[in-house]
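Okay, so here's the structure we're looking at.
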Amino acid sequence: MRASAVSTMLSKRRCFAAAANRIRPLARAFCDAPASRADAASGGAPGSQDHTQEVVGVKAAPDVLDVAIVGGGMVGLAVACALSNMPLTKHLRVGIIDSNPALKSRNHLTKNGIPDSRVSTVTPATISFFKDIGAWEHVQQQRHAFFGKMQVWDYTGLGYTRYNARDVGKEYLGCVVENKVLCNSLLLRLQEELDDIESVVYPTRLVSLTFPSKSRQAGMNPASSGQLSLGHATEELHRSNLVKLDLSDGRSLYSKLVIGADGSKSNVRQIAGIKTTGWNYPQSAIICTVEHAVENDCAWQRFLPSGPIALLPVGNNFSNIVWTMSPEESLCHKSMSPEEFVKSVNHALDFGYGPHPSSSALDHYMEQLFSGIGNTAASTKECFEVPPKATGVVSERMAFPLSLMHSHDYVSKRLALVGDAAHTVHPLAGQGVNLGFGDAAALAKVIAEGVSVGSDVGDLTLLQRYEKDRKAANVAMTAVLDGFQKLYSVDFGPLNVVRAAAFHGAQYISPLKRNIISYAMGDMKLPIFS
């Protein structure tokens, strides 16, 4: 009996050792092997079946992702779309966490009807990014409006500047697109790339994040619990090195990388404890859609004592209004009758506050002085034009406070911030969303570079390359826009003269004008005379 017992014990030890030897390479495969497209399709959506594919005998759990994007707005969708479109990253298991029901709508939006008041002015650099990821063709099938001219002037009548795409040899300066069209185009492109987009979008909210800690990882001992199978223990060991995302529907996800794309009040940023610097402007912005008797093909912006008013073409005879004013004025303009509001808009864009700029001896002198510096820009000889008159307001008037915010850090281990979660700027040049799309393109590129050399996509050293690239560009643009806001917020005689001189310089110094246009179109070179 004793010899039989010893024999049985030795046999069990040999079997356990053989199983342990087999599980070691499987653990490495589970942690390192890229997920299949079937894995990406499963995503762990509510009610979805487990379609995970076995990787060398070990299943990739449906609640484990490579990239979890918190926020399904324009920038978050752009990151997902970029990752799904690149050969090096299209195998990654990506999840988008957002409870917005609009993410379920994936049909081309009709070009008829009234344009939404929430629009973005996308630059040629952003358009190029959308073309690269295959989303721009969907924008083209929906409502959008290119513009090749822009006029900026001051309420004092002392100066104006006109810009033309021909100044830099381009067809257009930018394109005004409704935010819902941009989101829808990205979703349509994702649907083309993914087998089952429903399993990638999690219609819920983030409740909490738990980042991996050395103590928690050290405490995970596969042999410490006899009730766990070795496969289960290996899976738990893998999860302990990932970020845990607890969702409002009661489920939990685990991810190698969490991307915070959840806006200026980012829950991800707050949970991660990333500090910010910024301030509130004593201004709010009114946005709405107005109608004209004629089609508008130019972007107009006039600086008023309380802030700029912009009139942007959105197609047909419609334009979008972005009007910056004091919070008290914004409440007043929201409550005005439609007729009073239209009258106020036309007053702000035409003779109200001051006369139209007119040519003077100074203009002729500056034109002659700088005519020999490089080739003369096409718009230098263009005269001031009166913008088209609004005939009616055709959408809801929305008001929102304005602020500047910049995160001290864009990244930490297994975390990256993009778009408004990392930075918000004044809307006077319409650059906010373009900075966000720049973030999306840069982060996706860095992730692809990491995958190409076998790096962990959540590795801090890898993510810091994204931060270094984008922080420099975003800080520069933030400083430029904040400077403009402060320069044009003071009504003071000598400063008015300085502003007028700046307008004249931008109008007649062709190299400076081209530099300004290139910078506004997405070239990150600062707009200085060169």
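The values are calculated or read from the model by the stated rules, or taken from the named source; none is laboratory data. This structure is a prediction, so every number in the text was calculated from the model and none was measured. Because the Cβ atoms are built from the backbone with ideal geometry, glycine has one as well, and the counts that use them run over all protein chains shown. With ligands, DNA and RNA removed, areas are computed over all heavy atoms of the protein, side chains included. Shrake-Rupley method; radii C 1.70, N 1.55, O 1.52, S 1.80 Å.
Taking the criterion of being open to solvent by 50 Å² or more (accessible area, probe 1.4 Å), more than 17 Å from Val258 (Cα to Cα) and touching a helix residue (DSSP H, G or I) at 6+ places or on another chain (Cβ under 6 Å), the only residue of the stretch 456-471 that qualifies is Asp469.
Taking the stretch 186-274 as the region of interest, the strands (runs of 3 or more DSSP E) fully inside it that hold 1 or more residues being open to solvent by 60 Å² or more (accessible area, probe 1.4 Å), modelled with pLDDT of 95 or more and not polar (S, T, N, Q) are 206-210, 243-247. The residue of the stretch 481-509 that is modelled with the highest pLDDT, among those that are open to solvent by 30 Å² or more (accessible area, probe 1.4 Å) and either closer than 19 Å to Thr276 by Cα or not in a helix (DSSP H, G or I) (or both), is Ser489.
A single member of Pro101, Pro34 is more than 15 Å from Asp195 (Cα to Cα), modelled with pLDDT of 50 or more and open to solvent by 40 Å² or more (accessible area, probe 1.4 Å), and it is Pro101. For beta carbons closer than 9 Å, sequence separation of 6+ or different chains, a first residue in the stretch 318-333 that is farther than 27 Å from Cys298 by Cα and a second that is of a type outside the set (Phe, Trp, Tyr) and open to solvent by 30 Å² or more (accessible area, probe 1.4 Å), the qualifying pairs are Pro327/Pro282; Pro327/Ala399; Pro327/Pro401; Leu331/Ala399. Open to solvent by 10 Å² or more (accessible area, probe 1.4 Å) and not small (Gly, Ala, Ser): does that describe Phe130? Considered against the rule, which asks whether it is open to solvent by 10 Å² or more (accessible area, probe 1.4 Å) and not small (Gly, Ala, Ser), Phe130 comes out as no. As a summary of the residue check, Cys183 satisfies the conditions (1) modelled with pLDDT of 95 or more; (2) part of a helix (DSSP H, G or I); (3) open to solvent by less than 20 Å² (accessible area, probe 1.4 Å) except for the one numbered (3). When the residues of the stretch 397-455 are filtered to those that are on the phi > 0 side of the Ramachandran plot and either crowded, with 19+ Cβ neighbours inside 10 Å or in a helix (DSSP H, G or I) (or both), the one that is modelled with the lowest pLDDT is Gly430.
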